[in-house]
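Here is the structure we will look at.
The values are calculated or read from the model by the stated rules, or taken from the named source; none is laboratory data. Computed from a predicted model, the values in this text were never measured in an experiment. Using ideal geometry, Cβ is built from the backbone for each residue, glycine included, and neighbour counts are taken over all protein chains shown. Surface areas here come from the heavy atoms of the whole protein model, side chains and all, with no ligands, DNA or RNA. Shrake-Rupley method; radii C 1.70, N 1.55, O 1.52, S 1.80 Å.
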Amino acid sequence: MDELNERDLFRVRLRFLDLSKSFFQGEPDAEKISRWRGTFSALIQEQVSPGFDRVVKELSDALGIKSLKELQDEFYTLFIDPFDGDPVNTSASFYFDGRNFGQSLVDIRGLLDDAGLRKGKSVTEPEDSLVVMLDSFASLVEEEKGGGGEAVKQLQERLFTEFLYPFSEKFCKVLEENQNADFFSLCGRFLNEYLDLEKGLICTK
């Protein structure tokens, strides 16, 4: 990623953030899976980092085998089904505070208020959910791209280092240990590998 010019780097960052969000934003449909297949078919030709390249290959292989129904069933079992098993929690408060709607949610709301960010009225998930955190981080990257200045970079760094990155490590571990998570444990690894690349950018600012 270091070899990209600044404009291309912003484009790549936003693309990967959107891709990471798409894995966990609702049950997959045929259109989404088609987009994943096209994306990973292209990504497999690139060389980014050993860990990132490895999980890209594994995701590409899995998408070549898994049917739409298999992926939908896995998503439902992991993240929705309230009757069979224990759905995987996607909120930071659960991992940091031991319960939903904890202090972490209050802290993230304060950070987003400082950044002037508001979630859309159609968004039902809390601000400390993975999807909303990724969306908020992408919004701050967009602001940085538009010349938002040092204050935007500091807010971006806070959201990343205090919440998004440590959350992803815990979340990925839970998926890896879940016997029902085949494809989506790979999605968690992709998120982690990408955020490791982001960390290299964040820590050099």
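Observations on the structure shown:
- Residue-level accessible surface for Arg13, protein heavy atoms, 1.4 Å, Å²: 10 Å²
- Nearest-10 value in Å² for the accessible area of Arg15, using the 1.4 Å probe: 100 Å²
- log₁₀ of I(q)/I(0) at q = 0.12, 0.16 Å⁻¹ - region 37-154, Debye sum with one point per alpha carbon: -0.69, -1.07
- Region 60-100 - Debye-derived log10 I(q)/I(0), Cα point model, q = 0.22, 0.31, 0.33, 0.35 Å⁻¹: -0.76, -0.97, -1.01, -1.06
- Prolate/oblate/rounded call for region 19-104, Cα gyration tensor, a/c under 1.5 rounded: oblate
- Within straight-line cross-link reach of Lys145, lysines at Cα separation under 26 Å, skipping those fewer than 8 residues along the same chain: Lys21, Lys119, Lys121, Lys153, Lys199, Lys205
- Mean Kyte hydropathy of -0.5 or more with a Cα span along the axis of at least 27 Å, helices from DSSP in the chain: 6-24, 183-202
- Region 113-135 residues near the modelled Phe101 label - backbone nitrogen below 20 Å, point 7 Å along Cα→Cβ: 113, 119-133
- Per-residue SASA entry for Lys173, accessible area with 1.4 Å probe, Å² rounded to 10: 120 Å²
- Loop sites by DSSP among the GluC sites (Glu not before Pro) of the chain, restricted to those with at most 13 other Cβ atoms within 10 angstrom, leave 47-205 as the longest stretch without any of them.
- Backbone N atoms of region 158-202 closer than 20 Å to the 7 Å Cα→Cβ label point of Leu68 belong to residues 183-184.
- Under the simplified labelling scheme, the Arg118-Asp61 pair shows an inter-label distance of 4.8 nm, with each label point 7 Å from Cα along Cα→Cβ.
- GNM remark for the chain: springs join alpha carbons under 10 Å apart, and the peak mean-square fluctuation among Val106, Val56, Val132 falls on Val106.
- Expressed as a whole percent, the accessible area of the chain that falls on carbon and sulfur atoms is 45 (1.4 Å probe).
- Answer label, with semi-axes √(5λ) of the Cα gyration tensor in Å calculated from the coordinates and candidates (i) 58, 18, 14; (ii) 26, 23, 15; (iii) 31, 23, 18: (ii)
- Where the chain is the region considered: accessible area per residue in Å², 1.4 Å probe: 52 Å²
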